[in-house]
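The values are calculated or read from the model by the stated rules, or taken from the named source; none is laboratory data. Quantities reported herein were computed from a predicted structural model and do not represent experimental measurements. Note that each Cβ is placed from the backbone with ideal geometry, even for glycine, and that neighbours are counted across all protein chains shown. Only protein heavy atoms, including side chains, enter the accessible area calculation; ligands, DNA and RNA are left aside. Shrake-Rupley method; radii C 1.70, N 1.55, O 1.52, S 1.80 Å.
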Amino acid sequence: MALVGPSGCGKTTTLNIAAGLDRAFDGTVTYAEPNPVIGYVFQNPRLLPWRTVRQNVTLVLPKARRNGGGGLVDEWLSAMGLSDVADQFPTRLSVGMARRVALARAFVVQPDLLLMDEPFVSLDEPTAQRLRALLAAMLERRPATVLFVTHNLREAIQLADRILVMAPGPTRVVAEVPVPVARGMRDDAMVEAFRAELLARPDPVFRVLA
């Protein structure tokens, strides 16, 4: 599911509430199963510069699994194409590589719920497109429920099964849009055609998607 809407409408706050990082709210959060394992990919990769790539990924494992989790860590580093830089420090990585490390770190915990806050923002479009394809491939390999925040409507259409449109404050969900085409069949023409169809709808809530 993709969350889209104008800046400041509460998309990141929604993720933080779902993750249990923000508890200053009235209401309840109900998960499909108790105590889900949560992976979180932030806008900034948030890698610790004094730890290697492998150490950054290992760090999120429960302490009881860190010593024996090397095989799983190396498996995800390999899946992300990072084996050759596993012993490098983050300052030696390109922005795209750092974001791949962040993806590996989120998947290594084997999440039930994957929260993603504009993970490909500020990347050039070819790099972002490669990472979107990589994300789709990783979800085929290890399925998870995903809540994905983006300002990019094309990205939302390409990746999501459903799109939630959020309005400016007071924040609320003003529309839910199912994406009618299976992910494997969403080429550029389909994405652009569906985007144009949404923007042409008479309901003014869709203007925030432009």
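Key figures for this structure:
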{"item": "The chain, helix-only ellipticity at 222 nm - DSSP H runs n ≥ 4, -39,500 (n - 2.57), divided by all residues, nearest 500", "result": "-11000 deg cm²/dmol"}
{"item": "Amide H contacts under 5 Å for Met166, placed H, 5+ residues apart", "result": "Val4, Gly5, Val174"}
{"item": "Dimensions (Å) - the range 49-110, Cα atoms, principal axes, largest first", "result": "31, 23, 17"}
{"item": "Relative contact order of the range 1-97, pairs being alpha-carbon contacts under 8 Å that are 6 or more residues apart, as %", "result": "24 percent"}
{"item": "Efficiency of FRET from Cβ geometry, Ala24 and Thr127, R₀ 41 Å, rounded to 0.05", "result": "0.70"}
{"item": "Over the chain: Kirkwood hydrodynamic radius from C-alpha pairwise inverse distances, Å", "result": "18.1 Å"}
{"item": "Between helix 70-79 and the chain: long-axis angle, C-alpha atoms, 0 to 90°, nearest 10", "result": "50 degrees"}
{"item": "Tilt relative to the chain, helix 188-199 - C-alpha long axis, 0 to 90 degrees, to 10", "result": "50 degrees"}
{"item": "Chymotrypsin sites (Phe, Trp or Tyr not before Pro) lying in DSSP loop within the range 10-97, provided at most 14 other Cβ fall within 10 Å", "result": "Phe25, Tyr31, Trp50"}
{"item": "Percent carbon-and-sulfur accessible area, the range 49-110, ignoring ligands, DNA and RNA, probe 1.4 Å", "result": "49 percent"}
{"item": "Relative contact order, percent, the chain [alpha-carbon distance under 8 Å, six or more residues apart]", "result": "31 percent"}
{"item": "Length released on extending from Asp87 to Gln43, taking residue separation times 0.36 nm less the Cα-Cα span", "result": "13.5 nm"}
{"item": "Gaussian network model of the chain, Cα within-10 Å springs - most flexible of Leu61, Leu147, Leu131", "result": "Leu61"}
{"item": "Theoretical gain in end-to-end length, Ser7 to Leu59 [0.36 nm per residue, Cα-Cα removed]", "result": "15.6 nm"}
{"item": "Nearest-ten-degree value, helix 125-141 long axis tilted from longest Cα axis of the chain", "result": "70 degrees"}
{"item": "Accessible area of the range 49-110 divided out per residue, in Å², using a probe of 1.4 angstrom", "result": "50 Å²"}
{"item": "Spacing of the two label points (7 Å from each Cα toward its C-beta) at His151 and Leu139, in nm", "result": "2.2 nm"}
{"item": "Beta bridges by DSSP in the chain, antiparallel share as percent, to the nearest 5", "result": "25 percent"}
{"item": "Virtual spin-label span in nm between Asp187 and Tyr31, 7 Å along Cα→Cβ", "result": "4.1 nm"}
{"item": "Per-residue ³J(HN,Hα) for the range 44-51, Karplus 6.51 cos²θ - 1.76 cosθ + 1.60, θ = phi - 60°, Hz, x for Gly and Pro", "result": "9, x, 6, 8, 7, x, 8, 10"}
{"item": "Percent RCO, i.e. relative contact order, over the range 49-110, from Cα pairs under 8 Å lying at least 6 residues apart", "result": "49 percent"}
